[in-house]
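Student: Just dropping this structure here.
The values are calculated or read from the model by the stated rules, or taken from the named source; none is laboratory data. On a predicted model such as this, the values are computed, not experimentally measured, just so you know. Ideal geometry is used to build each Cβ from the backbone, glycine not excepted, and the neighbour counts take in all protein chains shown. The protein model used for the area step is the full one, side chains on, heavy atoms only, and it has no ligands, DNA or RNA in it. Shrake-Rupley method; radii C 1.70, N 1.55, O 1.52, S 1.80 Å.
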Amino acid sequence: MNTVERARVLAEPLCDEMGLYLWDVRFEKEGALWYLRIFIDRDEGIDMNTCESFSQRYNELLDREDFISQQYIFEAGSPGLGRKLTRREHFDACSGDEVRVKLYKAKDGVKSFVGLLKNPDDEGFELITKTDDEGNPTERFRFLYKECSAVNLNDDTDLF
């Protein structure tokens, strides 16, 4: 089991106990430093107190298990607005929501799409980019996960 998988296995029971949803776990190197990042959420959202409580309890688990050999910085927080969809359960949770899709290679001459995420499965998902006046899809695309360089929830457009 790699570091991310072990960190996930350690975090899941704590999230369940605290009524949280484990959105993502990342172990990333930035410059000379390693970061273990745990992204948590719940339906009503989370605040700093929730992050702090989770961090304290998870830090105790990390200290006890001691499975990361290199030095690292631990961070816990919300996946936030514009969150990345990286796992199948992310796509299931966001089905029906508006997302931004960036492709590695252009499809019909376009590399970026915005639309409603629909029908995720093990291989990919549909994106409805246009509808008629009654809300019926008039333009839809099928994307495989492996074709996408990034898929993000498009819930931050009103901020800027």
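Student: Starting from the stretch 122-136, take each residue that is touching a residue at least 40 places away in the same chain (Cβ under 8 Å) and list its partners that are open to solvent by less than 40 Å² (accessible area, probe 1.4 Å), counting only C-beta distances under 7 angstrom and pairs at least six apart or across chains.
Tutor: Once the first residue is touching a residue at least 40 places away in the same chain (Cβ under 8 Å) and sits in the stretch 122-136, no partner that is open to solvent by less than 40 Å² (accessible area, probe 1.4 Å) comes close enough.
Student: Of the conditions (1) modelled with pLDDT of 95 or more; (2) of a type in the set (S, T, N, Q); (3) over 20 Å from Asp24 (Cβ atoms), Thr157 fails just one. Which one is it?
Tutor: Evaluating Thr157 over (1) modelled with pLDDT of 95 or more; (2) of a type in the set (S, T, N, Q); (3) over 20 Å from Asp24 (Cβ atoms) leaves (1) as the failure.
Student: Also, quick follow-up: Would you confirm, using the coordinates I've provided, whether Cys51 is under 25 Å from Lys29 (Cα atoms) and either of a type outside the set (Val, Ile, Thr) or open to solvent by less than 80 Å² (accessible area, probe 1.4 Å) (or both)?
Tutor: Spelling it out, Cys51 is indeed under 25 Å from Lys29 (Cα atoms) and either of a type outside the set (Val, Ile, Thr) or open to solvent by less than 80 Å² (accessible area, probe 1.4 Å) (or both).
Student: Restricting to helices (runs of 4 or more DSSP H) lying wholly in the stretch 1-94: which have 2 or more residues that are more than 30 Å from Val114 (Cα to Cα)?
Tutor: Output list reads 3-18, 48-65.
Student: Here are Phe67, Phe113, Phe74, Phe39: which of them is of a type in the set (Phe, Trp, Tyr), without any contact (Cβ under 8 Å) to a residue 60 or more places away in the chain and in contact with a helix residue (DSSP H, G or I) (Cβ under 7 Å, 6 or more places away or on another chain)?
Tutor: From the options Phe67, Phe113, Phe74, Phe39, the qualifying one is Phe74.
Student: Next question, about the same structure. Please specify each residue of the stretch 17-48 satisfying the condition of being open to solvent by less than 40 Å² (accessible area, probe 1.4 Å) and among the hydroxyl-bearing types (Ser, Thr, Tyr).
Tutor: Once the filter is applied, which keeps residues that are open to solvent by less than 40 Å² (accessible area, probe 1.4 Å) and among the hydroxyl-bearing types (Ser, Thr, Tyr), the stretch 17-48 yields only Tyr35.
Student: Next question, about the same structure. Being in contact with an Asp or Glu (Cβ under 6 Å, 6 or more places away or on another chain), part of a strand (DSSP E or B) and either aromatic (Phe, Trp, Tyr) or open to solvent by 80 Å² or more (accessible area, probe 1.4 Å) (or both): is that true of Lys111 here?
Tutor: No, not satisfied.
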